[in-house]
Structure formats: C-alpha cells, structure tokens
Amino acid sequence: MAGSLVKSYLERLDSLLIQEKEAFDGLEDHIEKIVNKLKEISQFFDDTGNTEDYSNELKDIINDIENHIDKFLSQTDDGATLKDCFRNDMQKIDFRLSETIQRKKEFSSSTIVDSQVLKGQTSASSSSCSSSYATFSFESDFENLSEPLRNCLMYCCIFPEDFLIHKGKLIRLLVAEGLIEDREGKVMEDTAEQCICELVNKGMLEINDEHTYNGTKLRVPSVYREFCLRKIEEGKLKASVSAPQKARRIVTSLDTLKDEDPQLWSLFLIGNQKSIEEKSHWLKHKSAKFLRVLDLENAKFKSLPDEVGDMTHLTYLCLKSTKISELPESLSNLKALQTLDIRWCGFLAALPHGILSLVSLRHLKMLKNYGVTGVKLPRGIASLRNLLTLTGVDPSGGIAGELGNLTQLRRLGVMDVTEENVNELSSSIMKMQGLLSLSLEPKHTHQKNKLPLLDSFSPPLSLRKLRL
C-alpha cells in the first residue's frame with residue numbers, strides 16, 4: 001500500500017540523484033529533507049497497518065515531486081533562478097508531507113485512545129504515548145536548528161496567526177530582545193537577517209507575496225506555529241538571563257494591564273485603538289518600568305507621557321502612526337534604547353536635544369506625516385556613534401555636513417534636499433563606505449521639483465539600494 005509505494009519511489013529517486021549529482025549541486029539539504037520525510041512515511045505507515053486512505057494522497061505528492069524534478073532538469077535558463085524556484089517547490093512539498101505525517105499520527109493516536117477506552121485501559125503510559133504522536137513530526141526539524149534559529153522561529157509565533165511582520169522590523173526586534181548574540185566583528189542585524197533567510201529556505205517562515213511594494217512580510221506556517229506555541233508554553237523561548245518566562249504580551253487594550261501582572265519584558269498594542277490619552281496612568285504600573293520592548297504602533301494618542309523616561313530598560317520604542325507632535329525631554333533617560341521608530345507621527349517636526357543622550361541608539365526611523373517632510377535634528381547628532389539606520393532626515397541647519405561623521409551608517413534616508421545643502425550632503429555620503437541603502441528626496445513645494453545632484457557625486461561602492 002502506501003509504504004511500498006513510497007519505498008519504490010525512493011529507489012527510483014536514489015538512482016536519479018546519483019545520475020544527476022552535478023545538477024543538484026547546492027540543493028542537497030532540500031532534497032535530503034524530502035527523502036527523510038518519505039522514509040519516515042514509509043516506516044510509519046508500515047508499522048501502523050491499513051493506509052489505503054492515504055495512498056491517493058501520496059501518489060499525488062510523488063507525482064508532483066517527479067514533475068518538479070523533470071521541469072528542473074529539462075530547463076536551461078539561469079541556473080540560480082531555476083534553483084531558487086526548485087527550492088520553493090521542495091518547500092511546498094515538505095509542508096504537504098509534514099501535514100500528511102501529522103494527520104496520520106494524530107489519527108493513529110486517537111485510535112489508540114479509543115481502543116483503550118473500549119478495553120478500560122487508561123494507564124498513564126498510554127496517555128503519554130498518544131500525546132507524543134501529535135508533536136513527533138516536527139521534533140527532529142526543530143531540534144536540529146541552532147539556538148538562534150529556534151528562538152527566532154518561536155519569537156515569530158508570539159504574534160497573532162494572521163499577523164504579518166515586516167522583515168526589517170523583525171530584525172530590529174530580535175536584536176532589541178537580546179535573542180541575537182553580540183559577537184566581535186559581526187553586526188547583530190546581519191546575524192538576525194541570516195537567521196530569517198535560513199528559516200525561509202527551510203520553509204519554517206513564509207514570505208507573503210501580497211503587497212510586496214510595502215516591503216517583505218513574514219509569517220509562520222500554521223503547521224509549524226502550533227508546534228512552536230507548545231514549545232513556548234514549555235518555557236523554551238529565551239527571554240533573557242534575568243527575565244522571567246512568559247514575559248511578552250500582545251494586547252488589544254491597555255485596560256487589560258493590571259498592577260498584579262508579572263514583570264513584563266515586551267508589550268505590543270495591536271488593533272484599532274480608541275483614544276488612550278486619559279489612560280497614561282498605565283505607565284505607572286509596576287510591570288511597565290521593566291519593559292524592554294514597547295510597540296504602540298497605530299495607537300491614538302497625541303502626546304507621550306513624561307513617565308516614559310522612567311522606563312530605563314527600554315531597548316525598542318515604536319510610536320509609528322500615532323498622533324504625537326513632540327517627544328518629552330525625559331526620553332533622554334533611555335540610555336539602553338536601540339530603536340526609535342517615529343514615522344508618520346502627525347505634526348512631529350523636530351527632535352528634542354535630549355535625543356543626543358541615547359548613546360545606544362542603532363535605528364532612528366523618522367518621517368513627518370503632515371506635509372510629508374523630513375524631521376529636524378539637533379546639532380551634535382554625529383555623537384551617536386552606534387547609529388546604523390537614519391531615515392526621514394531634514395539636512396538643513398548644518399546637519400548635512402554633520403552626517404559625514406556618521407561613517408558607520410548602513411541605511412540613510414534624506415528628505416528636503418535643496419541646492420543649499422546638496423554640496424555638504426554629497427560630500428558626507430561619499431564618506432559612508434559601508435552604506436547599503438540610500439534614499440534622497442527633493443524639498444516638496446507646490447511646484448514640481450527635481451533632485452539637485454552634483455556631477456561629481458559618486459555613491460559608495462557598498463550600496464545595494466538607491467532611491468532618488
């Protein structure tokens with residue numbers, strides 16, 4: 001039946017892989033995953049008796065595998081593109097095989113339990129055996145992951161199932177949460193991105209194909225998500241050396257926060273919120289002062305309470321798409337802050353001088369909502385030597401020249417570029433030899449403006465993305 005069908009195909013596949021070894025160079029990991037899943041199916045279905053109901057399903061999967069391989073071997077287009085398509089096809093096959101294994105084992109588990117009930121057998125060992133079937137299919141894949149990969153995968157599962165998270169945001173969060181080890185000679189954000197790419201290649205993270213113009217968005221496939229949530233419940237997700245387990249919360253209303261809540265590590269406010277202007281007292285809760293991550297994106301409030309300055313452990317603060325018009329000077333107390341996201345924040349036109357005290361800041365993402373212009377920075381911004389990302393900058397007031405001292409920048413976005421500041425700005429940019437992404441926009445007026453650029457301007461050779 002199903003077992004013999006799979007064994008027969010494995011023999012044919014093994015012969016083909018030997019003949020076409022060169023063609024499959026670089027794809028060994030993906031093929032090995034499929035082979036291992038097929039072997040597991042063969043063994044498991046042989047051990048569990050009647051599998052007639054699964055034969056047709058397995059025939060379809062095997063036919064699809066053969067079709068994908070035939071297509072891959074017969075085409076002569078760009079090799080790299082073909083291999084990327086083949087990897088994607090194999091990931092989809094892997095999902096289908098995993099789902100088949102899990103359904104079969106869950107069915108076998110329920111059959112065992114029903115049989116025991118009929119016979120009056122309810123021993124603890126039988127119960128343990130049946131529960132182990134439900135998680136077995138992904139255990140080996142999960143355990144073979146490195147600790148950073150496991151933490152990254154589980155972290156993505158703390159968000160609602162239908163929540164799509166931007167790749168850039170996920171990278172910044174992983175670093176801010178302390179889930180990425182800081183190693184000498186390596187940039188933590190690069191390590192985080194590498195983890196994400198590996199999980200995508202393994203099929204454990206999916207890229208959402210809709211609205212790609214708005215950046216890469218990710219989600220965990222449901223078949224992996226359920227398994228990971230159980231691992232989180234078991235306390236397998238690293239919080240920190242000092243943070244308690246279950247210290248991250250996703251809430252749709254600040255009303256759910258209570259003084260007796262345990263120490264919080266991260267707090268995300270998700271959903272279309274009513275005005276919380278009168279609810280700023282929540283910042284005085286015992287749990288609030290320990291927060292490392294505070295994400296208030298889309299929250300409807302017009303000012304940030306001074307109490308935010310008491311949250312000295314904060315490493316990540318997102319105020320994106322709120323209606324605040326200024327930041328309190330108490331923000332200068334946040335010496336550990338790594339990410340400050342204040343894009344699309346109403347009438348927020350300038351940052352206070354206290355921003356210069358944020359010595360750990362790595363990512364400063366800005367954009368004035370009304371009028372869509374850059375945000376003015378205080379003189380001395382070059383003192384923030386850890387900055388890697390600086391976007392939505394107004395280069396006026398001498399800032400264009402100061403940017404030249406931020407040679408460690410990797411992403412720079414400047415708005416309101418004019419003839420008056422383009423010379424200094426161009427000179428500053430050419431000093432940023434590690435710059436990966438550059439965006440330049442002219443000053444917007446009622447008349448159509450062109451971006452003023454010098455003939456002598458030469459972007460850094462490291463640049464991967466340029467938007468003019």
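Does at least one position in segment 164-176 carry a residue that is touching a helix residue (DSSP H, G or I) at 6+ places or on another chain (Cβ under 7 Å), surrounded by 21 or more Cβ atoms within 10 Å (Cβ to Cβ), part of a helix (DSSP H, G or I) and at pLDDT below 90?
No.
Exactly one condition in (1) closer than 29 Å to Thr418 by Cα; (2) within 26 Å of the chain's Cα centre (by Cα); (3) not basic (Lys, Arg) is not met by Ala336; state its number.
(1)
Test Leu334 against the criterion of being crowded, with 21+ Cβ neighbours inside 10 Å and at pLDDT below 95, and give yes or no. Working first, answer last.
Values: crowded, with 21+ Cβ neighbours inside 10 Å: yes; at pLDDT below 95: no.
The answer is no for Leu334.
For segment 426-433, state whether one or more residues are under 29 Å from Leu334 (Cβ atoms), surrounded by 20 or more Cβ atoms within 10 Å (Cβ to Cβ), under 31 Å from the mean Cα position of the chain (by Cα) and of a type outside the set (A, V, I, L, M).
The answer is no; no qualifying residue exists.
As an exercise: evaluate Leu466 against (1) in contact with a helix residue (DSSP H, G or I) (Cβ under 6 Å, 6 or more places away or on another chain); (2) closer than 30 Å to Met188 by Cβ and give the number of the one condition it does not meet.
(1)
Go through (1) under 20 Å from His313 (Cα atoms); (2) surrounded by 20 or more Cβ atoms within 10 Å (Cβ to Cβ) and name the single condition Thr391 misses.
Status for Thr391: all satisfied but (1).
Name the single residue that is nearest to Ser140 (Cα to Cα) among those in segment 1-25 being of a type in the set (Gly, Ala, Ser), surrounded by 12 or more Cβ atoms within 10 Å (Cβ to Cβ) and at pLDDT 80 or above.
Looking only at segment 1-25, we keep the residues that are of a type in the set (Gly, Ala, Ser), and these are 2-4, 8, 15, 23.
Now restrict to residues that are surrounded by 12 or more Cβ atoms within 10 Å (Cβ to Cβ): 2-4, 8, 23.
Still in the running and at pLDDT 80 or above: 8, 23.
On the way: Ser8: 24, Ala23: 28 Å.
The qualifying residue nearest to Ser140 (Cα to Cα) is Ser8.
Please go through segment 257-306 and pick out each residue that is modelled with pLDDT of 80 or more and farther than 27 Å from Gly346 by Cα.
Those that are modelled with pLDDT of 80 or more and farther than 27 Å from Gly346 by Cα: Trp265, Phe290.
Do we have Leu403 as modelled with pLDDT of 95 or more, surrounded by 15 or more Cβ atoms within 10 Å (Cβ to Cβ) and either part of a strand (DSSP E or B) or under 25 Å from the mean Cα position of the chain (by Cα) (or both) here?
On the way: modelled with pLDDT of 95 or more: yes; surrounded by 15 or more Cβ atoms within 10 Å (Cβ to Cβ): yes; either part of a strand (DSSP E or B) or under 25 Å from the mean Cα position of the chain (by Cα) (or both): no.
It is false that Leu403 is modelled with pLDDT of 95 or more, surrounded by 15 or more Cβ atoms within 10 Å (Cβ to Cβ) and either part of a strand (DSSP E or B) or under 25 Å from the mean Cα position of the chain (by Cα) (or both).
Return yes when Leu364 is among the aliphatic types (A, V, I, L, M), at pLDDT 95 or above, buried (at least 20 other Cβ atoms within 10 Å of the Cβ) and within 26 Å of Leu269 (Cβ to Cβ) and no when it is not. Working first, answer last.
Numbers: among the aliphatic types (A, V, I, L, M): yes; at pLDDT 95 or above: yes; buried (at least 20 other Cβ atoms within 10 Å of the Cβ): yes; within 26 Å of Leu269 (Cβ to Cβ): yes.
So Leu364 passes the test.
State yes or no: is Pro378 surrounded by fewer than 20 Cβ atoms within 10 Å (Cβ to Cβ), assigned to a loop (DSSP other than H, G, I, E, B), over 29 Å from the mean Cα position of the chain (by Cα) and not small (Gly, Ala, Ser)? Can you show your working first?
Details: surrounded by fewer than 20 Cβ atoms within 10 Å (Cβ to Cβ): yes; assigned to a loop (DSSP other than H, G, I, E, B): yes; over 29 Å from the mean Cα position of the chain (by Cα): yes; not small (Gly, Ala, Ser): yes.
Yes, satisfied.
Pairs please, first residue from segment 185-211 and assigned by TED's automatic domain parsing to the domain that holds Arg96, second anywhere and among the aliphatic types (A, V, I, L, M) and at pLDDT below 95, Cβ atoms under 7 Å, 6+ apart in sequence or on different chains.
Matching pairs, first to second residue: none at all.
Take Lys39 and tell me if it is at pLDDT 70 or above, loosely packed, with under 14 Cβ neighbours inside 10 Å and either touching a Leu at 6+ places or on another chain (Cβ under 9 Å) or not in a helix (DSSP H, G or I) (or both).
Numbers: at pLDDT 70 or above: yes; loosely packed, with under 14 Cβ neighbours inside 10 Å: yes; either touching a Leu at 6+ places or on another chain (Cβ under 9 Å) or not in a helix (DSSP H, G or I) (or both): yes.
The answer is yes for Lys39.
Examine segment 439-447 for a residue that is in contact with a His (Cβ under 9 Å, 6 or more places away or on another chain) and surrounded by 15 or more Cβ atoms within 10 Å (Cβ to Cβ), and state whether such a residue exists. Break it down stepwise before answering.
As a first pass, look at segment 439-447 and keep what is in contact with a His (Cβ under 9 Å, 6 or more places away or on another chain): none.
No; the residues of segment 439-447 include none that is in contact with a His (Cβ under 9 Å, 6 or more places away or on another chain) and surrounded by 15 or more Cβ atoms within 10 Å (Cβ to Cβ).
The values are calculated or read from the model by the stated rules, or taken from the named source; none is laboratory data. Keep in mind it's a predicted model, so treat the numbers as computed, not measured. Virtual Cβ from ideal backbone geometry, glycine too; neighbours counted across all protein chains shown.
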